[in-house]
């Protein structure tokens, strides 16, 4: 008796967003009626599915650990990532340095941990930026049609023609020098990727919104007198969003890789900042003598990208109700 | 009630002896306008619906019956479809002269609609309980809990078994008949005075059809609700409609009480339709089909659109649209020989 009651009170506090998946055991008639008439939003239902998916939990766990690593690297590794002793140059993995030492005798493990911040910042910020701008401009284009649609779509087409790496090289080599502070380089890099990255999201969203807005349930929503914005946000977008989720999460890896490639080319972050791309770049000349220098940052890069892709795929599946039960 | 809303623009019915009909459609015309041409889809359609009355708008595909329904509802796909003429007045207020905000407020609350394909008319990503409750929350200002309780009652009312426990299920987890019941629950959630059902049972099999129609009829008589039943199914019409509006190529060719079309059909088209209904007597002779096909709306000439397929066609039929004549009280037909047909049973 007390458990459902407590749950109801919690639901009240949470503004009615009830998650009634709690008590599944035998309950009395009155309680059954109280809990069964509840309906939940699409996100809460999705979460119910997600928490029973081991792949999703693992990938979210990995992402959380990496995020923690980015926020507080000193919790994971002691020592300074930029201090090393040349006597340990290119030493392989040992109990002293789990991932070995690079050419300057710096601890690779420490550097990988400290490198998470730059890589994840680029990955998160770019994904957030491109997805938000892509969703807004894509739905505006699809909804307004006519000249607005043409202008947005053509601008997008133009930007899509230039690959990130090329755009990054041009912008960074023009706007930054070796003296530019790292945070400025990173900001410019992120903005460049956002500017050149939103069109692919917008393009996909535009086409799915165009399909969805002619669906019968959108007309039915209109026939029930729901407002235009209600129909757009609650009925069109949730149906149009799943391709975007997959695309965005898959691109997190791409953004991190772009930062890595630019750092590899010497255009991205420079010492004393540490990033995985920079480490791969540093390790490349010692491929034969000190493979571990290249290997470990690459593994972290791959695991991060994989975690985001798996999380996105699980999220997409969970948001599609036909996959439930 | 609409009449209670003081801000509603509308005629002041001072001295009007009779209460205005629930719905009055006068000379409605709907056009599809493309860059090159304007095609008349609905031409000069007039009819009335009273409270508690079931009016069947009968016609084959492309006869303009769905467009008429959408025009009344105000959900025509504009562009390319436009209302080109006429008026639609609801409880004495002209819907076509109303600002869009008022029009939207009337949708769902006073006039509601049921669609043919219930699978595509329900949003696949939300549970049915959520969708029914959404209407109540957004339009009736109910809180989540109250709306959910009311939604469960509504699902119960449309005879969904175990309604409470099915609130959380998604549209694809329901059968076609049950989904159509969910649609009905959503449509009547705000207790409208008029319901437009666009081929509500076409996608269902015959036994389910009858059950759904009985539910609809029960709801209409309980609530004194007018029902416009858009259909091509003479069987459904004969059983459930009070009056029939028969449409052909965008025009009303005959309108009468339901029995009238079976006892004294006054238009060659309705006669041909009745003859084409399969009966056991046809076992040896085969079906009596109407020769030819309904015309392309672009190619309807100045005369009677049915003339090319009509066995009674005369030269005058092609000159002008036959005037609508009253062959009996409440029984009108747009045919030059309407009276002869009506008398000759």
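Here, each number is a calculation from the coordinates, and none is a lab measurement. These numbers come from a predicted model, not from an experiment. Backbone-built Cβ (ideal geometry, glycine too); neighbour counts: all protein chains shown.
Using the basic label-point model (7 angstrom from Cα toward the beta carbon), what is the residue B:61 to residue B:274 distance in nanometres?
2.7
Between residue A:89 and residue A:75, with labels modelled 7 Å along Cα→Cβ, what's the label distance in nm to one decimal, could you check?
Placing both labels 7 Å along Cα→Cβ, they lie 3.7 nm apart.
Quick check for you: which residues of segment A:61-83 have the amide N under 16 Å from the point 7 Å beyond the Cα of residue A:51 toward its beta carbon?
Residues passing the 16 Å test: A:61.
May I ask for the equivalent-ellipsoid semi-axes of segment B:133-203, computed as the square root of five times each C-alpha gyration tensor eigenvalue and listed largest first in whole Å?
With the √(5λ) rule applied to segment B:133-203, the semi-axes are 19, 16, 9 Å.
Given an 8 Å cut-off on Cα distances and at least 6 residues of separation, report the relative contact order of segment B:249-343 as a percent.
38 percent.
Could you work out how far helix A:182-212 tilts from the main Cα principal axis of chain A, as a 0 to 90 degree angle to the nearest 10?
30
Given a 10 angstrom Cα cut-off, can you work out which residue in B:286, B:129, B:52 is the most mobile in a GNM of chain B?
Highest fluctuation among the options: B:286.
At a threshold of 8 angstrom on Cα-Cα distance, excluding pairs fewer than six apart, so keeping six or more, what relative contact order does chain B reach in percent?
19
Rounded to the nearest 0.05, what FRET efficiency is calculated for residue B:302 and residue A:270 with R0 set to 60 Å and r the Cβ-Cβ distance?
0.15
Applying 1/(1 + (r/R0)^6) with R0 = 30 Å to the Cβ-Cβ distance of residue B:191 and residue B:101, what FRET efficiency is obtained, to the nearest 0.05?
0.90
Can you give the angle from 0 to 90° between the axis of helix A:2-13 and the longest principal axis of chain A, with both taken from C-alpha atoms, to the nearest 10?
Value to nearest ten degrees: 80.
Compute the whole-percent fraction of alpha carbon pairs in segment B:256-315 spaced more than 12 Å apart.
The share of Cα pairs beyond 12 Å in segment B:256-315 comes to 72 percent.
Would you mind telling me which residue in A:121, A:174, A:130 has the biggest mean-square fluctuation in a Gaussian network model of chain A, where springs connect alpha carbons within a distance under 10 angstrom?
Sorting by GNM fluctuation, first place goes to A:174.
How much length is gained if the chain between residue B:50 and residue B:289 is pulled fully straight, taking 0.36 nm per residue apart and subtracting their Cα-Cα distance, in nm to one decimal?
82.6 nm
Give me the percent of DSSP beta bridges within chain B that run antiparallel, rounded to the nearest 5.
Once the DSSP bridges in chain B are tallied, antiparallel ones form about 60 percent.
Taking beta carbons within 10 Å but only from partner chains, what does the mean come to for residues B:114-126?
Per residue, the average neighbour count from other chains is 6.
Ratio to report: Rg/Rh of segment A:227-325, with Cα atoms as the point set and Rh obtained by the Kirkwood method; give two decimals.
1.21
What FRET efficiency comes out for residue A:306 versus residue A:143 if R0 is 35 angstrom and r is the Cβ-Cβ distance? Round to the nearest 0.05.
0.50
If you project the alpha carbons of the protein assembly as shown onto their three principal axes, what span does each projection cover, largest first, in Å?
So the three principal-axis extents are 116, 66, 62 Å.
So for the protein assembly as shown: antiparallel DSSP bridges make up what percent, rounded to the nearest 5?
If I count the DSSP bridges inside the protein assembly as shown, around 60 percent turn out antiparallel.
Name the residue, out of A:315, A:265, A:306, whose mean-square fluctuation peaks in a Gaussian network model built on chain A with Cα pairs under 10 Å.
Its mean-square fluctuation being the largest, the pick is A:265.
Could you give the nm distance between label points at residue B:94 and residue A:150, where each point is 7 Å from its Cα heading toward the beta carbon?
3.6
Using only alpha carbon pairs under 8 Å that are at least six residues apart, calculate the relative contact order of segment A:202-325 and give it in whole percent.
Once divided by the residue count of segment A:202-325, the mean separation gives 24 percent.
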